[in-house]
Amino acid sequence: MSDGLLIVYKTKGCTSHDVINKIRRKYKIKKCGHSGTLDPMAQGVLLVFIGKALKLLNFLPKEKLDKQYLMRITLGVTTDSYDATGKITGENNKGLSVSDEEISEALKSFSGIIDQIPPIFSAVKVKGKRAYEKARAGEDFEVASRKVNIKSIELINNYIDDNRRNLVIRVSCSRGTYVRSIAHELGQKLGCGAHLSYLLREKVGDCSYNRAFPMWKLDNAITFENSESFIKMEDILPISRITVTDEGAEQIRHGRPIARAHIIGMEAESDHSHDQILMLNKSGKLLGLYRKGTAQSDAGSCVLLLPIKVFNDNED
């Protein structure tokens, strides 16, 4: 099985870890992991890094892990988890009388960098323990707020169903944003309470749900390597790449610096100014991740490429 990134469409009802376990079991893959948890009630894009591609996750530019969601917020009902899976903590009919102007003004307050308090039923750690574990144990605690970036938030639809007002909203946000908290805080701002009743993760970075690999194909162990849902390891990072000679490839295999004489060609990435460079052999296989550096010799200083991460064939 090739190393790379698989864009999966997680269905409602399963956990992100369930998806990982399914891939490991169905495809006999030892190492894989995802880049951001998607709650059981949510569906949509889950990025799964397979094999040695896991080692690239920490080098992805932050914007490549930004999220876009389509969410439905139901006014007038609050829950302890801030979504439809939680225990109802309050109900009222005030949401029916909220005006369009009030909704518009409340949504504007979420735009930009804001302080957000994650739900108590979340995976954030509080004094070394997951918040949801403390909440389930009935412990009394507070979750600290943190900065998140709401890049855009837009009202798509506003309708009444079963005597409840529902708001359909599309939001683009930074990694680590809890959209459940957006639903809860919007309800507070409107004075009626609210909870998240539907969630679709439409995009993670440039990876959209309409090119994601469906769960039924995972269930049937259908090959994904030649599908549009799979990104080869060499194509995951949007950074410049250098092709090296056979001697250069051997230097990389041993984690040694690369000199100008080892370089055959370079493909520059103009959209991202990163210090890291992908190192490839003549066949286009990714050998390592390097950075620019200098070294001293008898002739003075010279520019070299220095190793950050090396990917050898004998690694698990």
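The values are calculated or read from the model by the stated rules, or taken from the named source; none is laboratory data. Small disclaimer: the values here were computed from a predicted structure and weren't measured. Please note: Cβ atoms are built from the backbone with ideal geometry, for glycine as well, and neighbour counts cover all protein chains shown.
Filtering S208, S229, S240, S181 for residues that are among the polar types (S, T, N, Q), touching an Asp or Glu at 6+ places or on another chain (Cβ under 8 Å) and modelled with pLDDT of 95 or more leaves a single hit, S208.
Inside segment 38-110, counting only strands (runs of 3 or more DSSP E) that do not spill past its ends, which hold 2 or more residues that are touching a Cys at 6+ places or on another chain (Cβ under 8 Å)?
Values: elements: 43-50, 67-75, 77-79, 88-91.
In segment 38-110, 43-50, 67-75 are the strands (runs of 3 or more DSSP E) which contain 2 or more residues that are touching a Cys at 6+ places or on another chain (Cβ under 8 Å).
Taken as a whole, the condition of being at pLDDT below 95 and over 15 Å from the mean Cα position of the chain (by Cα) does not apply to K12. Of the residues in segment 130-146, none is part of a helix (DSSP H, G or I), charged (D, E, K, R) and within 22 Å of the chain's Cα centre (by Cα).
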